[in-house]
Amino acid sequence: MEASVILPILKKKLAFLSGGKDRRSGLILTIPLCLEQTNMDELSVTLDYLLSIPSEKCKARGFTVIVDGRKSQWNVVKTVVLMLQNVVPAEVSLVCVVKPDEFWDKKVTHFCFWKEKDRLGFEVILVSANKLTRYIEPCQLTEDFGGSLTYDHMDWLNKRLVFEKFTKESTSLLDELTLINNGSDKGNQQEKERSVDLNFLPSVDPETVLQTGHELLSELQQRRFNGSDGGVSWSPMDDELLAQPQVMKLLDSLREQYTRYQEVCRQRSKRTQLEEIQQKVMQVVNWLEGPGSEQLRAQWGIGDSIRASQALQQKHEEIESQHSEWFAVYVELNQQIAALLNAGDEEDLVELKSLQQQLSDVCYRQASQLEFRQNLLQAALEFHGVAQDLSQQLDGLLGMLCVDVAPADGASIQQTLKLLEEKLKSVDVGLQGLREKGQGLLDQISNQASWAYGKDVTIENKENVDHIQGVMEDMQLRKQRCEDMVDVRRLKMLQMVQLFKCEEDAAQAVEWLTELLDALLKTHTRLGDDAPETKVLLEKHRKFVDVAQSTYDYGRQLLQATVVLCQSLRCTSRSSGDTLPRLNRVWKQFTIASEERVHRFCKTVQKSLKLLMMRSNLMRLKQLGSHFWRG
């Protein structure tokens, strides 16, 4: 029977164990009767509960029952005493009926309890309150009977409720913990294979029960529940009532089972954590080897242009973003596994290391594939960038070659030719860069590892290889065509340079011939004073004419060359309509002037010869006259 069940009855204080003892060390049971009619059933329940508290050893020493009838009727007292025969006949040693001072004197004669001793089984005495100390020491009596023993019924009842609650909870908790611990020891392997559920947890908090027990034990060990500072300490649940040893025994058992339970929980928590980690590891591994790998397997192309490669890079960044979320889980799991490895048991080290190795291998492989794919797309983007730049350079060169050249002079032709050579050189450099980028990209494709983690998966890269090789071959053909056109344009420009050079030299020949003409007309005026001098001047004049003739012939040759070049270039030359007439006109003037000077030289020579003959004839006449006169 529990106090909480009959709490309303116990609160009425129909009977109580004050903790006092008689001279035989028997416990004192007090039944305080009141003016109101006492409910015998409730009293019987109260007595049954109170008599269930002491140990068998205490019961063997018997009880002294104090029936306080000072405020009750005689028939009630008599009923209570007779009821004791049925409730606790073997345990009652003495019944002290505290009588009123005057009221029962006449009625006692009608019923003598001492005559009924054999029938009742215990001795009954009528005694006034002031004479009760003849049978019980004052220190064992409560203040109601003139004693010094302090007793607070509500405090006792509250503490009794605490004790019974602790006893009930601790006993139930012990059973649960024992069942849990024993079940864990027997089915350790099965525990590993199933997760924690609510049935695994005790119905009450062990920490709370232990704290309640320690507080209760502390009060029991002080041997007081509620006592005044100057009064006598009192404990209704002392060693004889089995309260303290029972609490100590329960606490010891609880601590033992709770320690085992904590170890079970620790092992279960560790196992649960390990299972959660294993589950998360498998989630990461399954996603990376499943959807993650499928995403990478589906991305084989490198694009056929910069825009296509950039679109593939953007798609790859989305794939990387999805992988990053799982890599973050990997980092967290790796930290958890490392923490468990540092504090783990020997039996878990192998499994933890295996999980860590499996997780690391899969993540590193997937990260390597992502990095390889990113590098491949970056190389493809650079390749297409170089190809586009080269294509633009070829388009620019081709556009320059397709425009007809009509320069004003040779210098502009030289400048245009230099620009053409620079563009061709830039195309050569671009094509070399394209070959290097293309070869690097082909090497990456040829060295591409399997995406399937060791599985035999055929990687179709023929389309990518054909595209790269096709772009390089196309650029090579375009460059070759441009080179051929550059050669033709170079030849044409060189011919134009030669044409302009011939025109310039022909004009220079005209200038030279004009200068010779001016010199002939202005400075070549002397004819000589005599025949020898005239002969010398004539010889010089012939040489001067030879120079002019060479100049004229040189100009004619240059003009003939311009005609040929114009025919080759299919263009008209300004020399045929300007320089040639000038050259012919100057040469004609020079020829006329030269012939006139030669004619003058001839006349001068003839004149000189005649004069010389006249002088010769005169000399002969002088000689003949001299001979004549001598003779």
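The values are calculated or read from the model by the stated rules, or taken from the named source; none is laboratory data. Not measured: the values here are computed from a predicted model. Reconstructed Cβ throughout: ideal geometry from the backbone, glycine too, with neighbour counts over all protein chains shown. Calculation scope for accessible area: heavy atoms of the full protein, side chains included, ligands and nucleic acids excluded. Shrake-Rupley method; radii C 1.70, N 1.55, O 1.52, S 1.80 Å.
Results, tabulated for the structure shown:
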item	result
Vicinal HN-Hα couplings computed from phi for the range 264-270 (Karplus, 6.51 cos²θ - 1.76 cosθ + 1.60; Hz; Gly/Pro x)	4, 5, 5, 5, 5, 4, 5
Förster-model FRET efficiency, 35 Å R0, GLU137 and THR178, C-beta, rounded to 0.05	0.20
Net length gained if the chain between ILE306 and GLU123 were fully extended (0.36 nm per residue, minus Cα distance)	54.1 nm
Contact order normalised by residue count of the range 501-629, Cα under 8 Å, 6+ apart, percent	40 percent
Heavy atoms of GLU289: accessible area, 1.4 Å probe, square angstrom to 10	80 Å²
Label-point separation, LEU82 to ILE6 (7 Å along Cα→Cβ), nm	2.2 nm
Carbon/sulfur fraction of accessible area - the range 501-629, other protein chains in place, 1.4 Å, %	58 percent
Over 23 Å between alpha carbons, listed pairs LYS57/LYS249; LYS21/LYS168; LYS543/LYS603; LYS522/LYS588; LYS11/LYS168	LYS21/LYS168
HIS153 versus SER324: modelled label distance in nm, points set 7 Å from Cα along the beta carbon direction	7.8 nm
Under 17 Å from the Cα of LYS607 - lysines, other chains or at least 8 residues apart	LYS535
Centroid-to-centroid separation of the range 372-434 and the range 484-550 [C-alpha atoms, Å]	46 Å
Rounded Å value of the spacing that divides the Cα centres of the range 164-183 and the range 584-629	167 Å
Label-point separation, ARG600 to ASP144 (7 Å along Cα→Cβ), nm	18.3 nm
Segment HIS214-LEU609, length gained on full extension (0.36 nm per residue, minus Cα span)	125.1 nm
Under-5 Å amide H pairs with PHE63, H placed in peptide plane, nonlocal only	VAL92, SER93, LEU94
Nearest-0.05 FRET efficiency for SER354 and GLN469, computed from C-beta distance (R0 51 Å)	0.65
Potential extension, ASP530-LEU398 segment - 0.36 nm per residue separation minus Cα distance	40.1 nm
Those residues of the range 579-623 whose amide nitrogen sits under 19 Å from the label point placed on ASP518, 7 Å along Cα→Cβ	579, 582-594
At R0 = 30 Å, FRET efficiency that the Cβ-Cβ distance of SER269 and GLU164 yields, to 0.05	0.35
